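What follows is one structure encoded as structure tokens, with my remarks underneath.
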């Protein structure tokens, strides 16, 4: 799923479930981010995981329209798909690249992350067939995952020097572990990073530095360096209660059809396992979305949906393709009406962050969980494309 837009007005009436993605909100959020970080700092739009569930191509296009100049993904497959769809912007794979993809990545001008001499040698071998490989050197400053520890940087420099003209060092970067909640540790990580790359910058003075994710980019100016990598904020959710939280506009609304409305009576149950039993006459709507669509099972008997602009509790266990909601407070609901799993309906709003809190998870997971069988429809504020 790449997020290629369908003809929204014609198709929406035919769909059982879909996600509206507001391209104008993504552009707006980029404008907010760019204003906060300033003109001298470039913005990389993280569009990995199918654009955090919004659709990779749709999101990449809107982000570039909003002023991002880089795109970031997690894998070679994601990068090569964007190139196949015509995106020519600077494009970085921030994760590990399988050796089988290196030739294609170099040929497509995809920038590659490396952190040890063996990787540098493999990338140089792929580049030896033609174009030089553009690389970003990753430093582990405290995340404890991918990256060269600071003491390994001299060996990394020697490996790049051995590769010669076959590789072009473009940038050095790191990944923060807790920028949302622990600014002190984040600043310590940044100091470790800056110290570690001092030798890299002396060897390659034009090396770009990047470290800040959305939380750091918006809240910790010291960490912005030359480039910030923003994900969640682009999609309209401000991590860590940053000052511009109210300016960001969530971009996606996940919707599904009501398929039946019935009244259940005291003692009758709804759903697998009979985890919800009626205590009174209750109007129940069956809704055509379930955990195969990205509605987490943890929302069972805990979450809510919007129907006719009102919050209606989810009752019973969420199943693969369906869920049920108590719509006793909604007088006119009927089969064919729209329910909102998260997002907007009229003046009402149910945020992915609220859904996450009900399910004991984070908004990143709620957004990314929307599955590939849910069509993404590109819309603009105030109407459809």
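The values are calculated or read from the model by the stated rules, or taken from the named source; none is laboratory data. It should be emphasised that the depicted structure is a prediction, and the values quoted were computed from it without experimental measurement. Neighbour counts are summed over all protein chains in view; Cβ atoms, including those assigned to glycine, are modelled from backbone coordinates with ideal geometry.
Assess whether residue 299 counts as being under 26 Å from the mean Cα position of the chain (by Cα), touching a residue at least 40 places away in the same chain (Cβ under 8 Å) and assigned by TED's automatic domain parsing to the domain that holds residue 374. In short, yes. Scanning the range 93-112 for residues that are within 19 Å of the chain's Cα centre (by Cα) and either part of a strand (DSSP E or B) or closer than 14 Å to residue 133 by Cβ (or both) yields a total of 1.
Condition first: part of a loop (DSSP other than H, G, I, E, B) and closer than 15 Å to residue 138 by Cβ. Now tell me which residues in the range 205-232 satisfy that. Hits for the range 205-232 are 207, 211, 212, 213, 225.
Here the condition is being out of contact with any helix residue (DSSP H, G or I) (no Cβ under 6 Å at 6 or more places or on another chain), under 30 Å from residue 29 (Cβ atoms) and not assigned by TED's automatic domain parsing to the domain that holds residue 113; of 274, 311, 280, it holds for 311 alone. Scan the range 257-276 and tell me whether some residue there is closer than 30 Å to residue 49 by Cβ and within 21 Å of the chain's Cα centre (by Cα). Checking the range 257-276: not a single residue is closer than 30 Å to residue 49 by Cβ and within 21 Å of the chain's Cα centre (by Cα). Reported count of residues in the range 331-357, each being buried (at least 16 other Cβ atoms within 10 Å of the Cβ) and either modelled with pLDDT under 95 or touching a helix residue (DSSP H, G or I) at 6+ places or on another chain (Cβ under 7 Å) (or both), is 5. Residue 201 passes every criterion in (1) over 23 Å from the mean Cα position of the chain (by Cα); (2) within 23 Å of residue 103 (Cα to Cα) apart from (2). Take the conditions in a helix (DSSP H, G or I), touching a helix residue (DSSP H, G or I) at 6+ places or on another chain (Cβ under 9 Å), modelled with pLDDT of 95 or more and surrounded by 20 or more Cβ atoms within 10 Å (Cβ to Cβ) and apply them to residue 160. Does it pass? It is true that residue 160 is in a helix (DSSP H, G or I), touching a helix residue (DSSP H, G or I) at 6+ places or on another chain (Cβ under 9 Å), modelled with pLDDT of 95 or more and surrounded by 20 or more Cβ atoms within 10 Å (Cβ to Cβ).
Is there a residue in the range 113-135 that is modelled with pLDDT of 95 or more, surrounded by fewer than 20 Cβ atoms within 10 Å (Cβ to Cβ) and under 24 Å from the mean Cα position of the chain (by Cα)? No, because not a single residue in the range 113-135 is modelled with pLDDT of 95 or more, surrounded by fewer than 20 Cβ atoms within 10 Å (Cβ to Cβ) and under 24 Å from the mean Cα position of the chain (by Cα).
Count of the range 232-249 residues, restricted to those that are at pLDDT 95 or above and surrounded by fewer than 22 Cβ atoms within 10 Å (Cβ to Cβ), is 1. With respect to the conditions (1) surrounded by fewer than 21 Cβ atoms within 10 Å (Cβ to Cβ); (2) modelled with pLDDT of 95 or more; (3) out of contact with any strand residue (DSSP E or B) (no Cβ under 9 Å at 6 or more places or on another chain), residue 263 lacks only one, and its number is (3).
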